[in-house]
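Right, one structure below, let's go through it.
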Amino acid sequence: MERRQLEYFVAIVEHGGFTHAARALRVAQPSLSRAIAKLEHELGVALFHRVGRNAVLSSAGESMADRARLVLRDLDAMRAAAQAVGSGLAGRVDVAATSSSALEPVISIIADLRERHPGLLVSTSAAQSAAEVVAMVLQGRCEAGVCGSAERPAGPGLVAHHLRDEEFLLVAPPGSGIGATVSWSDLRGMSFVVTQPPTAVRALFDRIAATVPDVSLAAEVGDRSVVLPMVLRGIGSGLMPDGWTDLARRAGAEVARFTPSERLPQWVVHRSGPITAATQAFLDTTLGTS
């Protein structure tokens with residue numbers, strides 16, 4: 001089994017077929033097909049079912065997909081460790097993050113890494129929930145993840161470090177006069193712009209709506225980046241992590257803290273075992289150990 005075969009196999013899975021994978025890899029499709037046929041012959045199983053012009057993963061292919069990603073990650077870790085000897089850090093680290101964590105602390109981490117290791121590239125992938133972040137790391141889609149979760153993230157071979165407790169804030173349209181602090185009872189009669197489940201913000205809104213009378217849903221959005229613009233247009237108020245505070249205030253929104261405060265632990269997660277020097281630098285910067 002060759003690395004190239006695994007790369008081709010993963011590319012077909014990621015891109016949804018031989019044609020798109022060949023285009024992404026910039027190889028001729030017949031070469032791709034021959035490499036996969038050879039891999040299937042060596043393994044003694046069919047990895048794909050050919051249905052017309054489409055390729056559908058077989059049960060054997062499904063069980064192999066995550067393992068193939070992890071093998072490629074481990075090979076990258078060994079190569080990076082060898083290349084890092086006697087030279088400055090270089091390379092790429094793929095990080096999964098929920099939107100609030102992508103804002104903070106990931107932006108600050110990237111800024112620190114750029115100063116310390118200009119040759120490192122951090123590529124972030126968006127996730128809707130902590131569970132999705134964990135899945136992306138365990139499947140080998142990303143090397144590390146940052147997310148908010150009330151419980152310590154767990155999974156086979158997963159390592160989780162607590163970073164801090166992020167605080168959720170009330171963000172209201174300009175001129176709302178909400179004051180510096182609010183309690184849940186102050187939200188009576190208010191309308192909100194919130195994200196769809198299963199986000200932590202939506203879970204908080206659902207708890208509030210189940211407790212406080214006359215709290216309504218003004219808009220439900222799939223893209224969290226439109227919540228603040230909708231708040232600024234007066235469509236409704238929002239619930240946002242504290243990483244949005246400066247941006248919301250500069251844009252003209254009113255921001256208030258809850259009393260008692262609403263907090264959610266933030267975590268950085270990664271797989272146990274070999275990791276690249278780039279990933280180690282990301283973790284060291286995240287945890288303040290470098």
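Please pick out the residue among Gly288, Gly243, Gly236 that is modelled with pLDDT of 95 or more and of a type in the set (Gly, Ala, Ser).
Values: Gly288 fails: modelled with pLDDT of 95 or more; Gly243 fails: modelled with pLDDT of 95 or more.
The conditions single out Gly236.
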Selection from the range 201-237 of residues over 20 Å from Ser99 (Cβ atoms), of a type in the set (Ser, Thr, Tyr) and open to solvent by 50 Å² or more (accessible area, probe 1.4 Å) yields Thr211
Within the range 95-128, residues within 12 Å of Ala144 (Cα to Cα) and either among the aliphatic types (A, V, I, L, M) or exposed (fewer than 15 other Cβ atoms within 10 Å of the Cβ) (or both) come out as Val95, Ala96, Ala97, Val106, Val122, Ser123
Hey, Asp242 more than 15 Å from Thr259 (Cα to Cα), within 29 Å of the chain's Cα centre (by Cα) and open to solvent by 10 Å² or more (accessible area, probe 1.4 Å) or not
no
Scan the range 167-177 and tell me whether some residue there is polar (S, T, N, Q) and either on the phi > 0 side of the Ramachandran plot or more than 16 Å from the chain's Cα centre (by Cα) (or both).
yes
Assuming Val268 fulfils every condition listed in (1) crowded, with 17+ Cβ neighbours inside 10 Å; (2) at pLDDT 95 or above; (3) more than 18 Å from Ser108 (Cα to Cα) apart from one, which condition is it?
(3)
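The values are calculated or read from the model by the stated rules, or taken from the named source; none is laboratory data. Note that the coordinates shown come from a computational prediction; the quantities given were computed from them, not determined experimentally. In this analysis, Cβ positions are derived from the backbone assuming ideal geometry, glycine residues included, and neighbour counts consider all displayed protein chains. Please note that ligands, DNA and RNA were not included when accessible areas were found on the heavy atoms of the full protein model with its side chains. Shrake-Rupley method; radii C 1.70, N 1.55, O 1.52, S 1.80 Å.
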